[in-house]
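Encoded as structure tokens, the structure appears first; notes follow it.
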Amino acid sequence: MASLIETPALAGHALPVVTAGAELAAADPGRVTSLAPFRGQAAAVAAALAPLGLAFPAPGRSTAAGGARLLWAGRETAFLVGAAPPPGLAGLAALTDQSDAWAVLALSGPTHLAVLARLVPLDLRLPAFGPGATARTALVHCPALLARRDAATVEIWVMRSMAATAVHEVATAMRGVAARP
Amino acid sequence: MRLETAGLIDRTRPVAFTFDGARVPGWAGDTVASALLGAGRRLVGRSFKYHRPRGILTAGPEEPNALVEIREGAQRTPNVRATVQEIHDRLEVRSQNAWPGLGLDLLAVNDLFARFFGAGFYYKTFMWPRSWWERVYEPAIRRAAGIGRLSRRHDEAHYEKAWAHCDLLVIGAGPTGLMAALAAARAGADVILAEQDFRLGGRLLADRQEIAGGPAMAWVEATAGELAAHPNVRVMPRTTVFGAYDDGVWGAVERVGLHLAAPPAALARECVWRIAARRAILAAGALERPIAFPGNDRPGVMLASAVRAYANRWSVAAGRAVSVFTTCDSGRAAADDLVAAGVNVVRVIDARADASALSAAPLLREAVVTGTRGRHGLTAIRLREAGGGERWVESDCLAVAGGWTPTVGLSCHRNNRPLWREDLAAFVPAPDAVPGMTAAGAVTGLAGTAACLAAGLAAAATALEGLGRAAPALVPPAAEDAPRRARPLWAVEAPGRAFLDFANDVTTKDVRLAAAEGYASVEHMKRYTTQGMAPDQGRNSNLGALALLAAATGQGIAETGTTTYRPPFAPVAIAALGAGGRGKGFAPERRTTSDAASRERGAPMLEAGLWYRPAWFPRSGEIHWRESCDREVATVRTAVGVCDVSTLGKIDIQGPDAGSLLDLVYTGTFSTLPVGRTRYGLMLREDGFVMDDGTSARLAPDHFVMTTTTAAAGPVMRHLEFVTQALRPDLDVRLISVTEEWAQFALAGPRARLLLGGVLDTPPDLPFMGCAATTVMGIAGRLFRISFSGEEGYEIAVPARHGAALFRDLVARAETLGGGPYGMEALNVLRIEKGFITHAEIHGRVTVGDLGLQGMCKRGDFIGRAAAARPGLAGPGREELVGLRAADPATAIAAGAHLFNPGERVHRETDQGYVTSSCFSPTVGGWIGLGFLRDGRARIGSEVRLVDHLRQIDARCTVTRPAFFDETGGRMRG
């Protein structure tokens, strides 16, 4: 049977970009579903999420269990990453497939904060933005979702169409930081 | 010339640069200024207005005279302060504002006529004829004046912008700042210590002092070492904090690569920092001020603090026979220090009668300097001694100490004025001038190092308390103290020109003239004389000018007040402020999934918002874009065309109240739309004008997907957010953009259904405006039967990862069917032929009635309904959408042209309307257009005259209904 070839969001970009102190790599988040509970359904949504072991995250936070994550992604919205939405959610929350909408980059290394300081206005130091933290912000001019994986890695989610610009901006900042004596 | 002392230069690393082509030797640690003085060079520049020879006045960033140009290949950077620029082996420095050269500057003829060039000269002289000012006088004056020259090329160097966040920002790394940073560092706070110099220490770099029983610099090095070892401290040398902004944000500019001979290609020249700090300590110190006396601008006349800095820090004697002219104790200390450093101080001239008699050099008390001599540099000074007698004495350097002016600028950026302290004869920062900021040290008028160390510690304790941290047990080390005694001497009364503002050539006479001519307010005096308006922003002259103005007007200095301090505190290159914004850095590029395929086919790309879309797809043999466009239009009308429409905004709307939301934002009714159907809608702004148009499809009872135009995708999303958050928070509805999720392609033409059948697993039999879920080669997708071309049309959507493959497949299949891809130009022609509107028509000033779409307004309420009913927005006299057809098929109609009644005068008062869209229609065989014509619907069939002054078009057009082809829509309904 005929089939449609897949093109990953970051196909064709020269990744990873490696500089002294930082690495930018493509990250495949897997399935992504936006989950926005309808009015008064918070408790029911929590119950429906229970089989996944995930709780609906507070603003700026995320929850994770068994390879699946739930990232806060905006007003009363979270992205379910790496798992299919449990069937019980239907009717309790608006579920919207976002698997193809984002290009996800992982920036890691000891200078990742110095690199991000050239791209993002937020305070991303560990006390303010520790593992599990998320934020909607702007990466230079690109709308972005940031999610900290661990002390040395931040995921950068940008619109799929802006992937080329985002990679260019991050790589430029990385090279500028690496060039410092 | 160089002294034998060690100084703070690295004698193991010789460095040489060029000044006006001549090689100048120096050492690592030198600035351009210290190296030039070390090489015995005094003449460095020419002044702004009179082209007078000028030398180096200061040893810091406040330098008004020694502004030079740096050349780097084709780049040139003007107005670089020689006292700031570090030397390196590839540095190419040029003097500026002199022609043909520094030694012989023909424009110095201005100086001979200086008598006529006083304050207000230009205003008084070049008044007539009025029209000459812009065309003749101003350009000529600007050529003769001005300071540096730009290369007039793009600055293609790399600059950075960055953010920093900290608990405490310490501004200035002198004794106060170092002590404050040390205390905060030990308390565990996140500290940023910003210092404009490339070395920490402040005055301790320049003055020979002891701290904790040892050389002060040993304490500085030990403190700097400890700070560097703290992981919670970031020391930022070469970083000038230039502005205090809202909410604890500070602007700073860092010189990153400017001091390197071979900076890596990726290294920024400069970085503009925005530092968000919870607390700040202003330890910006104080600047020594000059004294105004005749001839005080001659090369060789310097500030005593600078002469001291050159001697101690750079081991340079600024002269062979140095005189010191002082009105304060620090000048006397400088004289003693210079003697100790091995500088030949021939005399100390102290204006005070009661000054100490203890001096390491010959002392004259109650004496002043009344004049200077020397063509390109000082050779002699004229003294007036206690008895009034005057005499000339030889001296090649005069170190002037007029007291200290606290560097209050940053404390005034939040619209505060500094406070006058009569006891200090200085302005100091007002308390709480900047929320969260404490001023400490010399900037508050303190003089001795011991007092500054204690103040730094106290300021840190205040800041730490605000941060909820305990101050560490820390005792300031022992250091010398020097209580400040102020005895200001603003100007010496003697014949001759005494300069206040060296950078702008403003003299004491100019300030007095301003007062005499009625410019007695300090703001008026500043603008009339230009005092304080040069790159040094009057740092060396503001207080002196104020004092003279106060004396001339009979007011006190406090009553006279200061001018307004505004950011930036120090010059910042526009290139640095605009870092990253040049060329394509200005905005992100958005690329569709078909982008590569379109470019491979040689399609020129058009920008649509941030998106790039193919304009047309050229084929071999086509030499003009119209050939490609006409072919693509014909392809759609006769076979099938494929077009990427993914850039249109797509908004997923779910919830029990989704239909109610659409009813509120659209003029039409959507809550009654059956599942599986799509409806065209118009959206109004609250003011009643049309905001956007598009279709919404009902996928399920509680689930719609709304389509917006490409340009309005963001604004419509924002509008919906506003409506759901602010106007109708009671609606249970959720929104999210799915523009990026779906790749969507339009198939249009008589063979569209045939093409569709080849890619869908089970092609549904959709009615016009139907929609359905579908599968495309096993992939779940969506199918809409909608048309923007007037042909039978479908839009097929698949998840974006399959977009690239589906586009190539659709195009290949379309070509087999005699069709192919079509671009924006053809899309535009197709929709104009049908009279479909875009934002060319709904440009923000048209109503539903203007478009002839009043039938789309429901009876019930919707956003914009009330405002659209305002008088004047409906009824006779409105400009209404019509079609236009050129009477002569060969005459182009141009969008932007205006319409007039035939036979009437072409004038704005007879204007009947304008053209919004136009094209050559291969289907109709002539030029057609859309436009707005006054009462246009009543004038169908009549003639109008079309005039385009820009393109020199004057044509007759027939007014038609806004549809030129298949007006009943039979083709697209199928």
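The values are calculated or read from the model by the stated rules, or taken from the named source; none is laboratory data. Note that this is a predicted model, so its numbers are computed, not measured. Positions of Cβ are generated from backbone atoms using ideal geometry, with glycine treated the same way; all protein chains shown enter the neighbour counts. Heavy atoms of the whole protein, side chains included, go into the accessibility calculation; ligands, DNA and RNA do not. Shrake-Rupley method; radii C 1.70, N 1.55, O 1.52, S 1.80 Å.
Brief remarks on what is shown
- Residue-level check: of (1) away from every other protein chain (no Cβ under 11 Å); (2) outside any loop (DSSP other than H, G, I, E, B); (3) in contact (Cβ under 8 Å) with a residue 12 or more places away in the chain, B:R718 misses just (3).
- All positions within segment B:312-337 that are among the small types (G, A, S) and more than 18 Å from B:P488 (Cα to Cα): B:S315, B:A317, B:A318, B:G319, B:A321, B:S323, B:A335
- Of the listed requirements (1) open to solvent by 20 Å² or more (accessible area, probe 1.4 Å); (2) at pLDDT 95 or above; (3) over 17 Å from A:P121 (Cα atoms), B:A265 misses just one: (2).
- Comparison of B:A222, B:A189, B:A212, B:A216 shows that the only residue that is aliphatic (A, V, I, L, M), open to solvent by less than 10 Å² (accessible area, probe 1.4 Å), over 21 Å from B:W404 (Cβ atoms) and over 29 Å from the mean Cα position of the chain (by Cα) is B:A189.
- From the list B:L731, B:L747, B:L756, the one residue that fits, being of a type outside the set (D, E) and in a helix (DSSP H, G or I), is B:L756.
- Wholly enclosed strands (runs of 3 or more DSSP E) of segment B:1-95 bearing at least 2 residues assigned by TED's automatic domain parsing to the domain that holds B:G257, in contact with a strand residue (DSSP E or B) (Cβ under 6 Å, 6 or more places away or on another chain) and surrounded by fewer than 24 Cβ atoms within 10 Å (Cβ to Cβ): none
- In the set (1) buried (at least 23 other Cβ atoms within 10 Å of the Cβ); (2) more than 14 Å from every other protein chain (Cβ to nearest Cβ), the condition left unmet by B:F788 is number (1).
- Test: residue in segment A:45-53 that is closer than 21 Å to A:D150 by Cα and out of contact with any helix residue (DSSP H, G or I) (no Cβ under 7 Å at 6 or more places or on another chain): yes
- The listed residue being open to solvent by less than 40 Å² (accessible area, probe 1.4 Å) and either hydrophobic (A, V, I, L, M, F, W, C) or not assigned by TED's automatic domain parsing to the domain that holds B:L383 (or both), out of B:A471, B:A451: B:A451
- Odd one out for B:A726, checked against (1) within 14 Å of chain A (Cβ to nearest Cβ); (2) open to solvent by 10 Å² or more (accessible area, probe 1.4 Å); (3) small (G, A, S); (4) touching a residue at least 60 places away in the same chain (Cβ under 8 Å): (4)
- Criterion applied to B:G803, B:G781 was being assigned to a helix (DSSP H, G or I), open to solvent by less than 10 Å² (accessible area, probe 1.4 Å), out of contact with any helix residue (DSSP H, G or I) (no Cβ under 6 Å at 6 or more places or on another chain) and not acidic (D, E), and the one residue passing it is B:G803.
- No other residue among B:E493, B:E480 is out of contact with any Ser or Thr (no Cβ under 8 Å at 6 or more places or on another chain) and either open to solvent by 20 Å² or more (accessible area, probe 1.4 Å) or in contact (Cβ under 8 Å) with a residue 40 or more places away in the chain (or both) apart from B:E493.
- In segment A:37-76, the residues that are within 28 Å of A:T7 (Cα to Cα) and either surrounded by fewer than 21 Cβ atoms within 10 Å (Cβ to Cβ) or touching an Asp or Glu at 6+ places or on another chain (Cβ under 6 Å) (or both): A:A64, A:G66, A:G67, A:A68, A:G74
- Filter pass, A:G130 being farther than 24 Å from B:I651 by Cβ and within 16 Å of the chain's Cα centre (by Cα): yes
- Selection from segment A:1-23 of residues that are more than 9 Å from chain B (Cβ to nearest Cβ) and part of a loop (DSSP other than H, G, I, E, B): A:L10, A:H13, A:A14, A:L15, A:P16, A:A20, A:G21
- Matching residues in segment A:24-44 - criterion: being within 14 Å of another protein chain (Cβ to nearest Cβ), among the aliphatic types (A, V, I, L, M) and within 27 Å of A:M159 (Cα to Cα): A:A26, A:V32, A:L35, A:A36
- Qualifying helices (runs of 4 or more DSSP H) (wholly inside segment B:551-651; at least 3 residues being farther than 30 Å from B:P418 by Cα and away from chain A (no Cβ under 14 Å)): B:625-638
- Taking segment B:860-879 as the range and being at positive phi and either assigned to a helix (DSSP H, G or I) or exposed (fewer than 12 other Cβ atoms within 10 Å of the Cβ) (or both) as the test, the residues that pass are B:G872, B:G875, B:G877.
- Strands (runs of 3 or more DSSP E) enclosed by segment A:85-161 - at least 2 residues per element that are over 19 Å from A:A68 (Cα atoms) and more than 8 Å from every other protein chain (Cβ to nearest Cβ): A:102-108, A:134-139, A:142-150
- Only listed residue being among the basic types (K, R) and farther than 30 Å from B:P299 by Cβ, chosen from B:R566, B:R527, B:R512: B:R566
- Filtered by the rule that a residue be within 21 Å of B:P290 (Cα to Cα) and not in a loop (DSSP other than H, G, I, E, B), segment B:393-418 gives B:V393, B:E394, B:C397, B:L398, B:A399, B:V400, B:A401, B:W404, B:T405, B:P406, B:G409.
- Residue count for segment B:735-762, restricted to those that are within 14 Å of another protein chain (Cβ to nearest Cβ) and more than 47 Å from the chain's Cα centre (by Cα): 6
- Residue among B:G73, B:G45, B:G60 that alone is without any contact (Cβ under 8 Å) to a residue 24 or more places away in the chain and over 23 Å from the mean Cα position of the chain (by Cα): B:G73
- Condition met for A:G91 (open to solvent by 30 Å² or more (accessible area, probe 1.4 Å), closer than 23 Å to B:P656 by Cα and either at pLDDT 95 or above or of a type in the set (G, A, S) (or both)): yes
- Test: B:V882 is over 43 Å from the mean Cα position of the chain (by Cα), modelled with pLDDT under 95 and open to solvent by less than 50 Å² (accessible area, probe 1.4 Å): no
- Of all residues in segment B:808-847, those satisfying the criterion of being touching a strand residue (DSSP E or B) at 6+ places or on another chain (Cβ under 6 Å), part of a loop (DSSP other than H, G, I, E, B) and of a type in the set (V, I, T) are B:I842, B:V846.
- Matching residues in segment B:655-676 - criterion: being touching a residue at least 40 places away in the same chain (Cβ under 8 Å), away from chain A (no Cβ under 13 Å) and under 22 Å from B:E741 (Cβ atoms): B:L662, B:V665, B:G676
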